[in-house]
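> Sharing a structure with you now.
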Protein chains: 2
Amino acid sequence: MPDGRVASPFASLAPLDIGAMDAVRARLGRLTKPAGSLGQLESLAVQLAGIRGEERATRPLLRRSIVVMAADHGVAARGVSAYPAAVTAQMVANMRTGGAAINVLARMVGADLLVVDLGVAGAVPSRGSAARFRSARIADGTRDLSVEPAMTRAEALAAVDIGREIARELAADDVDVVAVGEMGIGNTTAASALTAALTVLDPGLVTGRGTGLDDLALARKIAVVREALALHRPDPADPCATLAALGGLEIAGLVGLIAELAVARIPVVLDGFITGAAALVAASLVPSLPPRLIAGHRSVEPGHRVQLEALGLRPVLDLDLRLGEASGAILAIPILDAAVRLLAEMATFDSAGVAGASRARPGPHGRPSDADRTGSTALG
Amino acid sequence: MPDGRVASPFASLAPLDIGAMDAVRARLGRLTKPAGSLGQLESLAVQLAGIRGEERATRPLLRRSIVVMAADHGVAARGVSAYPAAVTAQMVANMRTGGAAINVLARMVGADLLVVDLGVAGAVPSRGSAARFRSARIADGTRDLSVEPAMTRAEALAAVDIGREIARELAADDVDVVAVGEMGIGNTTAASALTAALTVLDPGLVTGRGTGLDDLALARKIAVVREALALHRPDPADPCATLAALGGLEIAGLVGLIAELAVARIPVVLDGFITGAAALVAASLVPSLPPRLIAGHRSVEPGHRVQLEALGLRPVLDLDLRLGEASGAILAIPILDAAVRLLAEMATFDSAGVAGASRARPGPHGRPSDADRTGSTALG
């Protein structure tokens, strides 16, 4: 494209299925419960119907998939993480042998787990079969975003394409829901830089303690983000250049994965701050994207709240998590499945012979009139 | 007892297992994740260990039980609910045939469901085997608490005893966790009256819209609660008399169930506002009770927030639910199970060969020192 952006590949995003959403709202009103009493589960059931379409609105979320993208970050050399960069490869290995949090949660919810190496520095030990693993290495980690662009545009686009390819494979497998996550020492710094750039907010508002920085290290991390923004002067109207300058290989992979899953009408459950940054980039490329996304949880990272507001998403869970690895996204899956199952399996007032809510006011002595007690329903 | 209270039956509540809690905290620090990064899941794992004891601290919550107690309320005649009183029996029948929200959620999490009739007005149709059902009727509903005591002390204590008996049966069945809930048209009025009485707060602060009252009906409901408090002048130091005057048969059953489950060291997951009122009564009888309780969710009812603060409980979920039937409690079970499974199944830094967090500061040029990169762990 003349301006070098990657907006057009995602332009075919279908509108939400408004008819399906209306039908779900109507059915929710007939189920044997007070109107609206399932709260956020009702809005999730409506949203999922809009994403998936009418014929899938009541299909339980049985085929569950988790995709964790991993890569290293040159900026880790600036001391912005509580952990050494070697932990990225070690944790990917841990996911392959089954010892990471994500493995436990994947087993618990019965989800397929795919771990993708988009640029982990050094070798990932090849042992272990607890997760499917794909080597799709684009570079040996990113360069230090505080002194040069983290990636070339070609590298970023290659990572986006790998994410898109995986999304198409998941769509071919007919999965019902995908939880997305990441692993990469230093990637909260990249996510902070992307979030500050795309929301045009001060880095101090969107940079947090990550894996557990103390006050001094946090101040250093904020300074690093400021340096990066001063150096690259990112244009929020050019999300692709912003992604290349400030992002990460796993973040770019997530951008493609998230956007292409939306194209395929598969609900995407975001995890925390890193996947939120990827969603911000994706939403900049595809403005109609956010209603296709589900925020699995609200992270402790201060910038995550900013991202959720920018995307207009209400998180399902709020458990002070800050682990990554898609952990908060996976924990939301049983809640999403409950929303669909309640819609599909509950009886209606008519079918169960249950009386609906009364519209009539009580009589002068405060007693309901006889009409209130005959069981006629006002919920249709 | 000379003063007529029922405190002593629960006096044998064992202390929380502090040793188990310390051991869990230590293990959480060795797992392959940043310290504290599992947030509320970590505090839940610690709490569950304290309740269950060391030998069960890592046992998944496999045997799940749901107990829903149902009864009618004389105060429903005052027009305090959007639904006619007949709905209590109809919804109990719906639970027996499998069409209620609770049936769907019980199936989803693989929980045994027991529905107990403690005083549903009129006959509950006997059809259906979707839930175990027990008829333990003490009265044909309560009397109108705004004109006379809802129950005699003997009725309230009989209902408490049924709850205790069920708790002992569940303990004999070796269940791992119990979600408690209720059904009873009019019972948010009783719960509001109990909450106002026991927290000594104005009824306007703890009375909400229940199943969906409009402004006029809400004002009437608040007035009814005020009348009841003015009539009975409940003494918060006498929870048993307060329960009899203002409570309900299902609430009294829940008081006994909750307290006796705590004696049996079985984690109790509370649902919303009605079970919260029962927990307040139980905590008045057994002051060391609250740390044994888990708040499954935060209800929309304004008085529920007050109850949770009084009990010192942080809810697991916050989904704007206001359904009852233990629905919010059941939805929390996968989260609780995740907390235990992560504790039990994740690898440790040592076992997985993953480097821990660095204690050292970066060198003068911002690079971590070599010592940070050798993989020695500071997390023990």
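The values are calculated or read from the model by the stated rules, or taken from the named source; none is laboratory data. Since the model is a prediction, treat every value here as computed from it, not as a measurement. Note that each Cβ is placed from the backbone with ideal geometry, even for glycine, and that neighbours are counted across all protein chains shown. For accessibility, only protein heavy atoms count, side chains too; no ligands or nucleic acids. Shrake-Rupley method; radii C 1.70, N 1.55, O 1.52, S 1.80 Å.
> Just the number, please: Stokes-Einstein D of segment A:148-210 in µm²/s, Kirkwood Rh from C-alpha pairs, 20 °C, 1.002 mPa s. List each step's numbers first, then the result.
Numbers: Rh = 14.2 Å.
Translational D for this selection: 151 µm²/s.
> Mind checking which chain A residue has its Cβ closest to the axis relating A to B, and how many whole Å off it is?
With distances in whole Å, chain A gives A:Pro334, 2.
> At a 1.4 Å probe radius, carbon and sulfur cover how many percent of the accessible area of the protein assembly as shown? Walk me through the intermediate numbers first.
Values: 13220 of 24710 Å².
Carbon and sulfur: 54 percent of the exposed surface of the protein assembly as shown.
> Now for a separate question. Any chance you could list P(r) for segment A:229-273, counting all Cα-Cα pairs in 10 angstrom bins from zero, rounded to whole %?
Reading upward from the zero bin: 24, 44, 27, 5.
> Now a separate question. Would you mind telling me the antiparallel percentage of the DSSP bridges in the protein assembly as shown, rounded to 5? Walk me through the intermediate numbers first.
Working: 2 of 50 bridges.
Counting only bridges with both partners in the protein assembly as shown, antiparallel ones make up about 5 percent.
> Looking at chain B as a GNM with Cα springs under 10 Å, which of B:Gly184, B:Gly353, B:Gly98 has the largest mean-square fluctuation?
Maximum fluctuation in the GNM of chain B, among the listed residues, is at B:Gly353.
> Also, I was wondering about something else. First measure r as the distance between the Cβ atoms of A:Ser126 and B:Leu62, then evaluate 1/(1 + (r/R0)^6) with R0 = 30 Å and state the FRET efficiency to the nearest 0.05.
Working: r = 34 Å, r/R0 = 1.14.
Rounded to the nearest 0.05, the efficiency is 0.30.
> What residue among A:Gln90, A:Gln47, A:Gln307 has the largest mean-square fluctuation in a Gaussian network model of chain A, using Cα springs under 10 Å?
Maximum fluctuation in the GNM of chain A, among the listed residues, is at A:Gln90.
> Taking the Cα centre of segment B:186-315 as origin and charging only Cβ (+1 Lys, Arg; -1 Asp, Glu), how large is the dipole, in debye to the nearest 20? Mind dumping the intermediate values first?
On the way: 10 positive and 11 negative charges, 46 e Å.
Using only the charged Cβ atoms, the result is roughly 220 debye.
> Now for a different question. Using mean Cβ contacts within 10 Å as the protection proxy, how do A:190-199, B:109-118 order, highest first? Please list the in-between numbers first.
On the way: A:190-199: 28.7, B:109-118: 22.4.
Peptide ranking by packing, descending: A:190-199, B:109-118.
> Continuing with the same structure: Measuring from the lowest to the highest alpha carbon on each principal axis, how far does segment A:286-352 reach, largest first, in angstroms?
Principal-axis extents of the Cα atoms in segment A:286-352, largest first: 47, 28, 17 Å.
> Would you kindly work out, in nm and rounded to one decimal, the distances from the label point of A:Arg220 to those of the same position in each other copy, ordered shortest first, with label points 7 Å along Cα-to-Cβ?
Ordered by increasing distance: 6.7 nm.
> Let me ask something else about it. Taking the radius of gyration and the Kirkwood hydrodynamic radius from Cα positions alone, what is the Rg/Rh ratio for segment B:99-153, to two decimal places?
Reported Rg/Rh (Cα atoms, Kirkwood Rh): 1.10.
> Among the lysines, select those whose C-alpha is under 28 Å from the C-alpha of B:Lys33, and discard any that sit fewer than 8 residues away in the same chain.
B:Lys33 reaches A:Lys221.
> For peptide A:327-340, what's the mean number of Cβ atoms from other chains within 10 Å of each residue's Cβ?
Working: counts 7, 3, 0, 1, 5, 1, 1, 9, 6, 0, 2, 10, 2, 0.
The mean count of partner-chain Cβ atoms within 10 Å per residue comes to 3.
> Radius of gyration and Dmax for segment A:95-201's Cα atoms, expressed in Å?
Answer for segment A:95-201, Rg first and Dmax second: 15.6, 43 Å.
> Under a Cβ-only charge scheme (Lys and Arg +1, Asp and Glu -1), can you give me the dipole magnitude of the protein assembly as shown about the Cα centre, in debye to the nearest 20? Don't skip to the answer; put the middle values down first.
Numbers: 74 positive and 78 negative charges, 35 e Å.
The calculated dipole for the protein assembly as shown is roughly 180 debye.
> Another question, if that's okay. At 0.36 nm per residue, minus the direct Cα-Cα distance, what do A:Glu54 and A:Glu309 gain on full extension? Give it in nm, one decimal, please.
Numbers: separation 255, 0.36 × 255 = 91.80 nm, distance 2.82 nm.
Length difference between fully extended and current span is 89.0 nm.
> From zero outward in steps of 5 Å, how is the percent of C-alpha pairs of segment A:204-309 spread across the bins?
2, 12, 21, 23, 21, 12, 6, 2, 0
> Please give the charge dipole size of chain B, origin at the Cα centre, charges +1 on K and R Cβ atoms and -1 on D and E Cβ atoms. Round to the nearest 20 debye. Provide the component values of the computation, followed by the final result.
Values: 37 positive and 39 negative charges, 167 e Å.
Once rounded to the nearest 20, the dipole reads 800 debye.
> Now a separate question. For the protein assembly as shown, just the Cα set please: Rg and Dmax, both in angstrom.
When restricted to Cα atoms, the protein assembly as shown yields Rg and Dmax of 27.4, 90 Å.
> Under DSSP H, which helices of chain A have Cα atoms covering 20 Å or more of the helix axis and a Kyte-Doolittle average no less than 1.0? Intermediate values should be presented prior to the final figure.
Working: long enough: A:153-172 (28 Å, 0.27); A:215-232 (26 Å, 0.78); A:249-263 (21 Å, 2.01); A:327-345 (28 Å, 1.45).
Membrane-span-like by this criterion, though nothing is claimed about a membrane: A:249-263, A:327-345.
> Sequence-distant or interchain residues sharing an amide H contact under 5 Å with B:Thr152, placed H: which?
Placed amide hydrogens put nothing under 5 Å from B:Thr152.
> I've got another one for you. Report, by chain and number, residues whose modeled amide H sits under 5 Å from the one on B:Leu317, excluding near sequence neighbours (fewer than 5 apart, same chain).
The list, which skips near neighbours in sequence, is B:His297, B:Arg298.
> Mean 1/r over all different Cα pairs, inverted: what Kirkwood radius does chain A give, in Å?
Values: mean 1/r = 0.0465 Å⁻¹.
Evaluated over chain A, this radius sits at 21.5 Å.
> Quick one: which residues, 5 or more positions from B:Glu182 or on another chain, have an amide H under 5 Å from its amide H? H modelled 1.01 Å from N in the peptide plane, none for Pro or chain starts.
B:Met69, B:Glu325, B:Ala326
> A further question follows. Give the accessible surface of chain B per residue, rounded to a whole number of Å², with probe radius 1.4 Å and ligands, DNA and RNA excluded. Could the numbers behind the result be given before it?
On the way: 12340 Å² over 380 residues.
So chain B comes to 32 Å² accessible per residue, rounded to a whole number.
> Give the B-A buried accessible area in Å², both sides summed, 1.4 Å probe, nearest 100. The partial results should precede the final answer.
Working: alone 15140 and 15160 Å², together 24710 Å².
That pair of chains buries around 5600 Å² in total.
> How large are Rg and Dmax for segment A:1-120 when calculated on the C-alpha trace, in angstrom?
In Å, with Rg to one decimal and Dmax whole: 21.0, 58.
> Extending each Cα 7 Å along its Cβ direction at B:Asp350 and B:Arg168, get the distance between those two points in nm, one decimal.
Taking the simple label geometry, B:Asp350 and B:Arg168 are separated by 4.5 nm.
> While we're here: For chain A, set up a GNM with springs between Cα atoms under 10 Å and report which of A:Leu157, A:Leu319, A:Leu216 has the largest fluctuation.
A:Leu216
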